[in-house]
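**Student:** First the structure, which I've put down as structure tokens, then a few questions once you've had a look.
Here, each number is a calculation from the coordinates, and none is a lab measurement. Note that the structure is predicted; figures quoted are calculated from it, not measured. All Cβ positions, glycine included, derive from the backbone under ideal geometry; neighbour counts span all protein chains shown.
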Amino acid sequence: MAQTRNAYVLVDGEPEPIDPFAAKDYGLGEDFYVTVFREIEESTTLSGYTFFLAYHVPDALPAYGPKVVFVVLADEAYQHRAWFSDVGCILRCLGVRPVYLDGAPSSGLRAAALVHFLYKYAQHLTSVARCVAATRRWTLGEVERKTLHVPLGVYGTFDPAPKPAAERDVDYAFLGSLGFDDRFKKLIHRLMSPPKILARRAMLRAVEALPKTLRGRLRATSDFWESVQTPEDYVRTMSRTKIALAPRGTSYETYRFFEACKAGCLVVCEPLPKTWCYERHPGIELADWSDLPAVVAACLSDPAFLAAKSQETLDYWREVACERAIAARVARFVEATAPNGAQPESRNGRVQGGMVGSGFSAAMKAPARRICHDV
């Protein structure tokens, strides 16, 4: 295992040390942040920290302390834990708490989005209340101050060879899922259609209104897992696409948005959260997918605009969203937020020499299952 200035540990189950220079295929979007870890080693001076990486929020970490950084990728229930106060800082994809970005609930989609927002917020508040009851302390404000909302990045290996806008031969594209695997449906999904499904159906209705002379590429699958079975075709298609359609998944944020940027597509998406990584994003946000035909017509009629937007998305990827850019942002945040202090300490042992000792295994309780939020 390569010698690193910081320690990196996967905690989706039994703690597993991560070698960012000889990483295996972790899947579920974790590979992107393993590459971020490598960039932290190669392009920043951050030193002496232990990063714990998880897909969902576990009940416990193997170690705590001011130099512990917890990274969580897909906590759609926005869970709060009492031990959040015992780490130096937290990096969260999807943010600290749910958001609602659809305005007045004047349609079926917006009403469903509001109900799902309230459902997720109730889950969030329940976990906060549970922590307050257990610790007799209100720590949410403290935790939010030391939490950085970080981008999802790309899913798995996604290395496109972007063509110049003038050489792209696919006018628009969407390759993704329209439903859920029944194994992952919660009660609320069985009682009403989720916003993801309603939004993607609305997008497809808008696509049907596009001129038949356009060269579009659609591949709709029944669920997320089916949609990621042909990554090579997806990468090739995005490299040739002028306009990438990026509807919401089970969150407003999607891997597809960042993949489209890395591929240099003009991105048409739904409203995105107001946070640093989206402040000046290059996408064209639609409040209603019925506006898609007019947007596509205007963009395709202006080759200079298409070329400029293609370059803008590539610049955004390089300057804001790529692994090196995120590593730099993370390093600045960690250095400013996590105070200097002792090495992370386990309830059963210590971190020694940047590695996790075997005593940590007993401290870790694995989540029941890992469920991928859709892209």
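**Student:** Take each of the peptides 71-83, 162-174, average the number of other beta-carbon atoms within 10 Å over its residues, and list them starting from the highest.
**Tutor:** Going from most to least packed, we get 71-83, 162-174.
**Student:** Can you sort I40, I90 so the residue with the fewest Cβ neighbours within 10 Å comes first?
**Tutor:** I90, I40
**Student:** Anything over 27 Å Cα to Cα? Flag those among K120/K242; K120/K274; K196/K274; K24/K67; K212/K242; K212/K274, in the order listed.
**Tutor:** Going by Cα-Cα distance, K120/K242; K212/K274 fall outside the 27 Å limit.
**Student:** Could I ask something else about it? Over all directions, what mean area does the Cα convex hull of the range 165-321 project, stated in square nanometres?
**Tutor:** Projected area, direction-averaged: 9.4 nm².
**Student:** Okay, moving on. Given the peptides 46-57, 300-311, arrange them by the average over their residues of other C-beta atoms within 10 Å, most packed first.
**Tutor:** The peptides rank, most packed first, as 46-57, 300-311.
**Student:** Provide the net charge surrounding F174, with neighbours chosen by a C-beta distance below 9 Å and charges set as Lys +1, Arg +1, Asp -1, Glu -1.
**Tutor:** Taking every other residue near F174 into account, the sum is +4.
**Student:** Considering only DSSP beta bridges whose two residues both sit in the range 165-321, what percent are antiparallel, to the nearest 5?
**Tutor:** 0 percent
**Student:** Right, something else. Which order, highest average first, do 2-14, 253-265, 134-146 follow once you tally other Cβ atoms within 10 Å for each residue and take the mean per peptide?
**Tutor:** In decreasing order of mean packing, 2-14, 253-265, 134-146 become 253-265, 2-14, 134-146.
**Student:** While we're looking at this one, here's another question. What percent antiparallel are the DSSP beta bridges of the range 1-79, to the nearest 5?
**Tutor:** Of the beta bridges lying entirely in the range 1-79, close to 20 percent run antiparallel.
**Student:** Find the all-direction average of the projected area of the Cα convex hull for the range 242-331, expressing the result in square nanometres with one decimal place.
**Tutor:** Spelled out: convex hull of the Cα atoms, projected over all directions, averaged, 5.8 nm².
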